[in-house]
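One structure is given here, and the rest of the page talks about it.
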């Protein structure tokens, strides 16, 4: 959505909104709307793109001039980053029921821009230095925005390189714990990411609203792992893994809304294409020239999505509203793969890889009817009933066509219990979407395993009950806490397929958790300009293992994640400093013949110092990984399958060293 597409149509403050202006964020010297929204106490940005195919109803919590952003990869966060802070009139933190947008619940932020037509822009430069890698100096971001009359526009160009490196020993033992091999490993990762995006908005005097947005990206990651192998018995060896990708992505989206009869009709369209050639290669051999081998796995992946959605809404003076929505989408994945191996330095020979060359298509339709109503002055309800119809087809190595019709919908209540306390509860029938890559076979040369594609996998469904509390503590800050429970049918997990394994359905599972976001301000206790930001989640789950029958966690699921940052904007100066810490843990993964778990201990710590007026620029220097986090990995490999004895255990801990980052940003 363009930055001022409907500013002239919504100049009044939304009733019941908590208002934030530039003065509320002046201590942070924000340059963009994204930096402003990110500093709202107790609020975290949630975009509409959750990785699902299609649009569906709104699920994000950011609006721009009262409108949902009609993009996916080019969504709320990207749009906010293109809006200069000088163009923001105010931010409204308000209950979603104020906008008659189906699917929204709880607090949302509505960003109101001025639409004065002036051209403004921001720029950002970043450089990073770390062990075992050459530094990069090409972290660049440029945004421009402006408008004239009923036309507004925004533009962004970005270079966002990625770097990673770790090294350390890996110890291999047999099932009895006896040493087999020691490996000295060194891993590096370097990726170039370049993107260009923009939007145009049109708000003619007729009251119509039109928006067009587009984004294209180029992503080129390169991975390399070298290993020195020191077996207990036998000659010393070497192993080299190399992987590369050359991804090109394009997305174009738009929407047009206008009055029709007693309501308003909105049409939303999107086209997305992606092409990703991938190559992985492994060389292995002993230093004496024996046991030479090579493996090569190549994939050429094409993905596409085409969406058309229409929404017709009616709003009444008594605070009730109705919306009828109809959506159609076409998605596809086309993967062409090849595996080749060689022994003793001979030429590579093609290997049979069943179900690795395939095209998966989905034609999907969705319809819904949503009604919102104010039950009392401080109580609103929303209920939605709908259904999803889809046809999944696969061609190539496997041929299959299936159709599904699944009901879906939700009911929610939002209660403003006190001026500073909002409670929201929601019961939802969710229909999951299958990962097209689950249909096709693939090989992981780095890990020495792979997966069998499953042409018979079906989408999972669930009932999810959630409750959310949003509390404003005034001068002390704010917090949001949500708890939920999901009862899942046909959950996608790991199941035996033929002589191997891959993604498949299990009968049932459950998942529960709590998520939080809080900001604590310390001005009242004399720590002027100081605040503590806390974010995190914690999840529990259960499913019956298809091989052992034992109850375990959902395969490779998140266990917890926590983030804390203490920051002080020193009063009467342009200086700020901060210190933060992040830690996470995942549950183990389970395959037919192995289990494993990744970790990061003790966690990632960082500290920074910032000056907000270096000849009009903001500069920041950050020292990362002061706690010396290690990336850990441990896996057990079994004879035949996990019902047998442990054949081998691999255990590693890699140190990735300190990271130093400098950044400058400004506006014009």
Checklist entry - So, in Å, what gap is there between the alpha-carbon centers of the stretch 321-341 and the stretch 518-534? => result 46
Checklist entry - What does the stretch 623-668 give for Rg and for Dmax, in Å, if only its C-alpha atoms count? => result 20.5, 66
Checklist outcome for this item: Over all pairs of different Cα atoms in the stretch 293-406, the reciprocal of the mean inverse distance gives a Kirkwood radius in Å of 18.4
Item to check | Estimated inter-spin distance, residue 308 and residue 132, nm [label 7 Å along Cα→Cβ] | outcome: 5.2
Checklist entry - What 222 nm value per residue comes from the helices of the chain, counting each DSSP H run with n ≥ 4 as -39,500 (n - 2.57) and dividing by all residues, nearest 500 deg cm²/dmol? => result -500 deg cm²/dmol
Item to check | Listed peptides 436-442, 214-220 by packing density, highest first (mean Cβ within 10 Å) | outcome: 436-442, 214-220
Item to check | Sequence of 660, 410 once ranked by neighbouring C-beta atoms within 10 Å, starting from the fewest | outcome: 660, 410
Next on the checklist: Taking only Cα atoms of the stretch 183-287, what ratio of Rg to Rh do you get with Rh as the Kirkwood inverse-distance radius?
Outcome noted: 1.39
Checklist entry - Packing-wise, with mean Cβ within 10 Å as the measure, how do 274-281, 234-241 rank, highest first? => result 274-281, 234-241
Checklist outcome for this item: With the 8 Å Cα cutoff and a minimum separation of six or more residues, the stretch 323-418 has a relative contact order in percent of 26
Checklist outcome for this item: Scoring the stretch 380-463 by relative contact order with C-alpha pairs under 8 Å, at least six apart, yields a percentage of 23
Checklist entry - If each residue's Cβ is checked for other Cβ atoms within 10 Å, how do 228, 667 rank with the fewest at the top? => result 228, 667
Checklist entry - With contacts defined as alpha carbon pairs under 8 Å and 6 or more residues apart, what's the relative contact order of the chain in percent? => result 10
Item to check | Mean projection area, nm², convex hull over Cα of the stretch 7-667 | outcome: 30.6
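Any read-out appearing in this document is the output of simple, stated calculations on the displayed coordinates, not a laboratory observation. Please read these numbers as outputs of a predicted model, since none were measured by experiment. Because the Cβ atoms are built from the backbone with ideal geometry, glycine has one as well, and the counts that use them run over all protein chains shown.
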